[in-house]
Amino acid sequence: MAPTDTTLPDLALSRSSLDRVALERRRPEVLTELLDDPRTRVAEVRGDRMRVAAADDDVLHLVLRAPEPEDHTRLGLHLGRDGEGTAYVGVVTQWDDPEPGGDGPDPADDGWLTLRQAGEALATRDAGVFTTALALANWHGTHRFCPRCGAPTQPTQAGWVRRCEREGSEHYPRTDPAVIMSVVDPDGRLLLGRGAHWPEGRFSVLAGFVEPGESFEAAVAREVAEEVGVAVDGARYLGNQPWPFPSSVMIGFEATTRQTELTIDPVEMAEARWVSREEYRDLLRSGAIRTPSGISIAKRIIEHWLGQTVESVIEPGDSMRPGTARAL
Ligand SMILES: [Zn+2]
């Protein structure tokens, strides 16, 4: 369900529309029943990719299929039901050939895209299906052993819990919160940073994981102080979206400061700088600065500060396209 009262609505990965039917997951036989029902829609997760196809309107849709017998032997994830009651099940499958990235054919040629590649263009329902399935698959992949006793764990509750084989303890999917924030000075300039291992020209707003025992607002203040040595006066919530790379949710803020002298932490940051809106537009047009990716909340936070989309700066004639209104 899309949030209606945030400053940044319709974030690319926050558009989940299925009913998660959490109570249904508790029935031990629910996945078996769904995979025996030809009406069930199955979405395969393979590595970090799912298969998509373009519709006439340039919107991408997941390639869904009916269940097949082998699905009963695969890791299954009950993702929820749509308004008509149709159930959606994710199944984790493997590449027949070596993992993509080697010398073999590019899986993207066959429609297998990553969420970073497909997320912005995906239809609303499918953006939610991909985001949820990827987050769950990532969690299963790294939680095969019990954190209490080290014994193997097995998936249960339709893919939403893992249970220890030895002592029965239950373990739930984890989501790691990270704050991401604009920092603006009294002249309206934005603080941009380049991470220690980022290429030249790639700048974004600051971000960092929330620590145990810490509120989101305190994490904003701590991260800014750690990374650039600046004390923020306050932070206002903007919006959030899941970020399953591999398991985060990004909580967006805009912060203000009266301090403009930067002391960067060289372990985290290669460089940091203040830019006015006019400077930022010039840097974009000249290609000196690259923006964060289209599905990121970072891009939307920068555009919120800028007052326009990045695309409308680079291609002014394109500023009336539908996406512009949505982004602001
Ligand atoms: Zn255990």
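The values are calculated or read from the model by the stated rules, or taken from the named source; none is laboratory data. Every value quoted in this text rests on a predicted model; they were computed, and no experiment measured them. Counting neighbours? That spans all protein chains shown, and the Cβs are built from the backbone with ideal geometry, glycine included. For the accessible areas, the whole protein counts, side chains as well, though only heavy atoms, and no ligand, DNA or RNA atoms are used. Shrake-Rupley method; radii C 1.70, N 1.55, O 1.52, S 1.80 Å.
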Flag if ALA218 is assigned to a helix (DSSP H, G or I), over 19 Å from GLY201 (Cα atoms) and open to solvent by 40 Å² or more (accessible area, probe 1.4 Å) | yes
When every residue in the stretch 136-157 that is in contact with a His (Cβ under 9 Å, 6 or more places away or on another chain) and not in a loop (DSSP other than H, G, I, E, B) is compared, the one farthest from the ligand (Cβ to nearest atom) is GLN157
Per the filter on the stretch 39-82, residues of a type in the set (Ser, Thr, Tyr) and out of contact with any Pro (no Cβ under 8 Å at 6 or more places or on another chain) are THR73
Checked GLY234, GLY201 against criteria (at pLDDT below 95 and farther than 17 Å from TRP305 by Cβ); the one match is GLY201
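Condition check ((1) within 20 Å of ARG26 (Cβ to Cβ); (2) charged (D, E, K, R)) across all residues:
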{"site": "GLN157", "(1), (2)": "yes, no"}
{"site": "ARG163", "(1), (2)": "yes, yes"}
{"site": "GLY168", "(1), (2)": "yes, no"}
{"site": "ASP176", "(1), (2)": "no, yes"}
{"site": "VAL179", "(1), (2)": "no, no"}
{"site": "GLY188", "(1), (2)": "no, no"}
{"site": "LEU191", "(1), (2)": "no, no"}
{"site": "PRO199", "(1), (2)": "no, no"}
Considering residues that are within 14 Å of the ligand (Cβ to nearest atom) and either open to solvent by less than 10 Å² (accessible area, probe 1.4 Å) or free of Cβ contacts under 8 Å to residues at least 12 places away in the same chain (or both), the number found within the stretch 158-183 is 4
- Query: Residue check: is PRO173 under 30 Å from GLY47 (Cβ atoms), within 19 Å of the chain's Cα centre (by Cα) and not in a loop (DSSP other than H, G, I, E, B)?
  - Reply: no
For the stretch 28-47, pairs from a residue that is touching a residue at least 40 places away in the same chain (Cβ under 8 Å) to a residue that is open to solvent by less than 20 Å² (accessible area, probe 1.4 Å) and among the polar types (S, T, N, Q), with Cβ under 7 Å and 6 or more apart or across chains, are LEU34/THR40; GLU44/THR93; ARG46/THR93
Condition set polar (S, T, N, Q) and more than 17 Å from THR73 (Cα to Cα), scope the stretch 133-157, selection least open to solvent (accessible area, probe 1.4 Å): answer is ASN138
When GLY213 is run through (1) in a loop (DSSP other than H, G, I, E, B); (2) within 21 Å of the chain's Cα centre (by Cα), the failure sits at (2)
